[in-house]
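The values are calculated or read from the model by the stated rules, or taken from the named source; none is laboratory data. Note that this is a predicted model, so its numbers are computed, not measured. A quick note on method: Cβ atoms are made from the backbone with ideal geometry, for glycine too, and the neighbour counts reach across all protein chains shown. Calculation scope for accessible area: heavy atoms of the full protein, side chains included, ligands and nucleic acids excluded. Shrake-Rupley method; radii C 1.70, N 1.55, O 1.52, S 1.80 Å.
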Amino acid sequence: YGMAGIDIIKAIQEIFTKESNPELEVINYLKQKGYNDKAIAGIMGNIAVETGGSFDYQEQEDLEKPGDGKGEGYGLFQYSNEMKDSYNEWKKSNDRTDSMESQIDFMDDVVKGNWAPGLANMDRTILKGELFSGKFEPDRIAKSFNSIFEKGKLETDYGNRQDLANKIYEEYF
């Protein structure tokens with residue numbers, strides 16, 4: 001191979017590492033935050049539906065087809081109304097700018113009860129049990145995450161949160 005061969009390999013590696021994969025970035029960050037594989041897949045099934053598969057933290061709800069959030073939804077979790085206000089307050093209070101990490105850190109603080117307004121105590125207890133016990137499958141976690149945190153439709157034109165969670169689990173874990 002000689003030196004030229006190594007340079008070519010290095011050049012190819014650089015090309016591939018520069019290409020961003022938002023889905024993988026979100027998975028890796030959730031992993032860093034301590035979520036188990038099944039919980040990550042359940043959360044990702046929701047993010048897939050909320051972002052229409054873009055996994056873009058700057059995703060804006062389609063104003064042409066307003067859903068419950070009346071076109072206000074924003075980000076990985078399509079924060080709107082009170083949750084969007086709470087997220088903006090959290091950012092100010094924590095001196096953070098909007099990013100994929102900030103949106104996930106906010107979700108994590110709400111789920112763990114480190115930030116209010118967030119979830120009712122009973123809801124938070126149920127969701128924490130599902131996310132962190134390791135006893136539940138991705139599809140069940142996706143359904144619970146939706147009903148407690150997202151409060152969206154289980155199925156949209158993009159797909160079903162539970163099916164997507166299982167697909168993501170099979171693909172990545």
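In sequence order, what are the phi-derived ³J(HN,Hα) couplings for region 45-61 according to the Karplus relation 6.51 cos²θ - 1.76 cosθ + 1.60 with θ = phi - 60°, rounded to whole Hz, with x for glycine and proline?
x, 6, 4, 4, 5, 5, 9, x, x, 7, 6, 8, 5, 9, 4, 10, 4
Keeping all protein chains in place, calculate the accessible area per residue for region 64-173 (probe 1.4 angstrom), answer in Å². Please report the intermediate quantities before stating the final value.
Values: 6020 Å² over 110 residues.
Averaged over the residues of region 64-173, the accessible area is 55 Å².
Using a/c under 1.5 as the rounded threshold, could you call region 34-173 rounded, prolate or oblate? The axes a ≥ b ≥ c are square roots of the C-alpha gyration tensor eigenvalues, and prolate needs a/b larger than b/c, oblate otherwise. Let's see the in-between values first.
On the way: a/c = 1.57, a/b = 1.11, b/c = 1.41.
Oblate, since a/c reaches 1.5 and b/c is not below a/b.
Could you work out how much longer the chain between K151 and K33 gets when fully extended? Use 0.36 nm per residue separation minus the Cα distance between them, nm to one decimal.
So the chain would gain 40.2 nm between K151 and K33.
Which value in nm describes the separation of the simple spin-label points at M122 and D95, placed 7 Å from the Cα toward the beta carbon?
Using points 7 Å along Cα→Cβ, the separation is 4.0 nm.
On the first, second and third principal axes, largest extent first, how far apart are the outermost C-alpha atoms of region 78-158 in Å?
Extents along the principal axes, in whole Å: 35, 31, 21.
Whenever you get a sec, compute what percent of the accessible area on region 63-173 sits on carbon and sulfur atoms (1.4 Å probe).
The value for region 63-173 is 46 percent carbon and sulfur by accessible area.
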